[in-house]
Amino acid sequence: MDSVPIVSPHDVSVPTPRYPAIAPWWHTISFVIILLVFSAAGAAADHTMSARHGRWVQYAVTMAWEWILFGYVWFGIRRSGIGMRELIGGRWKQVEDFLLDVALAFGFWIVALGVLAALGYAMHLTGANKLEEARRQLGFLVPRTGLEVSLWIALSCTAGICEEVIFRGYLQRQLSAFTRNAWVGIFLSGIVFGAGHGYEGARRMVLIAIYGMMFGILTHARKSLRPGMMAHAAHDVFTGLALRFLMK
């Protein structure tokens, strides 16, 4: 009679989930609630703060809030064994890796500008009459003085780093793990990204959500946040300076 091998429970390997969670679910749920509550409150409060204290105060407060959310994400992932460097996509091993990310960021940004322009036209967000609407909705954010321009650039770089870590590095991976589907994670994190920009108005929030999904696809394809960080920061800098020129 052939003997039946005895398998120890310790020899049985448990397959690693395809989309493993990187933080507790309570952390993600509370994060989304906090983000949406502050987005709704900020839709009105941002205008008031800028009018009373100046744009530079608004920029400073916004940067502080971005880093607070960044810290909250770090708090959530620190027990998973994943460091912030790994979440971002590791480090550049050679100059060619850096240059490739720069090229990807530039190419993505050019394509994204075309897509956003087409969507803006389809959603009736362009034209001379819409410039006045944008002036009313976003005028409180547009830098005017040299100090404000400098702080706007700092704010744009902060957004490029923090928002890509928060939405594409953390939230997209968490939602992909929850739904067990990367594309659903990209879609849902884009929705939350758009909803987090309440001060932009309803239609622009839809546009921003689609933009967030595009960043999500870039991150998923490259397995790195670095090109998205570069493109995000460059886009915000360009948008602020372009609106400054148009609203003179």
For the stretch 184-189, in residue order, the Karplus 3J(HN,Hα) values (coefficients 6.51, -1.76, 1.60; θ = phi - 60°; whole Hz; Gly and Pro = x) are 5, x, 4, 5, 5, 5
Carbon and sulfur together cover what percent of the accessible area of the stretch 151-248 at a 1.4 Å probe radius? 72
For Phe245, Phe108, give me the order by solvent-accessible area with a 1.4 Å probe, most accessible first, ignoring ligands, DNA and RNA. Phe245, Phe108
Let me check against my output: what whole-number percent is the relative contact order of the stretch 163-248, with C-alpha pairs under 8 Å and at least 6 apart? 25
Output wanted: per-residue J couplings in Hz (rounded whole) for the stretch 205-214, from phi through Karplus 6.51 cos²θ - 1.76 cosθ + 1.60, θ = phi - 60°, x for Gly and Pro. 5, 5, 4, 5, 4, 5, 4, x, 5, 5
Kindly sort Ile153, Ile22 by accessible area of their heavy atoms, largest first, with the probe set to 1.4 Å. Ile153, Ile22
Run the simple label-point estimate for Leu246 and Met123 please: 7 Å along Cα→C-beta, distance reported in nm. 1.4
Hz values of 3J(HN,Hα) by residue in the stretch 215-221 - Karplus curve (6.51, -1.76, 1.60), Gly and Pro given as x: 4, x, 5, 4, 5, 5, 6
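The values are calculated or read from the model by the stated rules, or taken from the named source; none is laboratory data. Since this is a predicted model, take the numbers as computed values, not measurements. Here the Cβ is made from the backbone with ideal geometry for all residues, glycine too, and neighbour counts use every protein chain on show. Areas reflect the complete protein model, heavy atoms only, side chains present, ligands, DNA and RNA absent. Shrake-Rupley method; radii C 1.70, N 1.55, O 1.52, S 1.80 Å.
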